[in-house]
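Here is the structure we will look at.
None of the figures in this text is laboratory data; all of them are computed from the coordinates on show. Bear in mind the structure is a predicted one, so any value in this text is a computation, not a measurement. Glycine gets a Cβ as well: all are built from the backbone with ideal geometry, and neighbour counts include every protein chain shown.
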Amino acid sequence: MKKTSLYDIHLKLNAKMTSFSGYDMPLIYSSIINEHQAVRNNVGLFDVSHMGNIILSGKEAMSFINHLSTNKISKERKVKYSLFLNKKGKILDDVLIYALSETIIMIVSNASNTSKIHNWILKNKGNFDVTIIDLSEKISQISIQGKESERVLQKIIDFDLKKLNFMDFNVLNLESFFVVSRSGYTGEDGFEIYGLNHKIKEIFENLLSLNVMPIGLGARDTLRFEASLPLYGNEISESISPLEAGLSFALKNENYIGKSKIQKEIGNLKKKLVGIKMLEKGIPRKNYRILKDGDSIGYITTGYKLPNHSQGLAMAYINSDYSKIGTKLSVEIRNNLFDCVITKKIFMKKKYKKE
């Protein structure tokens, strides 16, 4: 398995390690509940260096990314959440795109998709004057999340973090890809920091010395789920379209690969991603079936009994005919049926810092 630049630190912290997207990653340091609550009530620190970092450079880098991206990319220093689609309009990956300059674009992909996306970008290069390089092994990424994240990070970053609102970023050093953005994957205020491996290792160690709790992938998943944020392989995949996943907000570009298929799908969805709340004791898990009057009409994508919630919650794809909020259904759990209801896909109020 691959290892991030912070691997040795995780071992010193006695993390329970696990295989994830080809990397040996920390699953838990103390407990999922403790780590989840630390981020919700204070601050937590994540190693997300397994994420891919693909760099586009050249005078046509901006034109090229807008040929691929479902969201419009410009030179303004805003992190853009976007999708790459295949010709059928299905999701190859959801990505974050940073226009570091008019000629240098950084694409942050999911770890499991980095090679696929790199090859797909190369395949679609055409005659664009652009260089495409996968720098995932040289660039590390960490994230500090929670209401105390700005106060703590400001102690070691020589830039006024108050100048950044949600999804803003600043390039501290372009040559070393040293970038800080006010973004994250938890629903909390927080920051993501990129840079060459040695620089990010130094920052990670400095934050640990300030008593910031390290957070593993277990709590990362419960946090992103509580914030209703999709995960590739669960809520999105190459069999799912952006409209089915409720991601139409990321379809703001004039043109992109797969757009013609998306337009044909408008008003004609066969399935939709919804929120599920259990009405009985029972924890809904990934791939559990959802039934109506004995007929299978959908499946769970992610489900948990979360801290601070009395009932099990889930996200699920179901037949659009049954997607109205308040519709009562059943979840099959170990061959038994448990009552549930369609609810809003909002399990917490997000705490992003906006203008």
Check your understanding: What share of the DSSP beta bridges in the chain is antiparallel, in percent to the nearest 5?
Key -> 95
**Study point:** Segments 221-234, 73-86 sorted - mean Cβ within 10 Å per residue, highest first
**Key:** 221-234, 73-86
Review point. Using the alpha-carbon centroid of each, what span in Å lies between the range 181-204 and the range 1-63?
Key: 10
Check your understanding: Listing MET348, MET62 from the residue with the fewest other Cβ atoms within 10 Å to the one with the most, what is the order?
Key -> MET348, MET62
Review point. In whole Å, how far is the Cα centre of the range 282-351 from that of the range 85-160?
Key: 32
Exercise for review: Determine the relative contact order of the chain: mean sequence separation of Cα pairs under 8 Å and six or more apart, normalised by residue count, in whole percent.
Suggested key: 18
**Study point:** Two-site label geometry, ASN287 and ASN173: point separation in nm, points 7 Å out along Cα→Cβ
**Key:** 4.5
Review point. Based on the alpha-carbon gyration tensor of the range 53-134 and its eigenvalue square roots a ≥ b ≥ c, which shape applies: rounded if a/c is under 1.5, prolate if not and a/b is larger than b/c, or oblate?
Key: rounded
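About the Cα centre of the range 1-123, how large is the charge dipole given +1 on each Lys and Arg Cβ and -1 on each Asp and Glu Cβ? Please answer in debye to the nearest 20.
380
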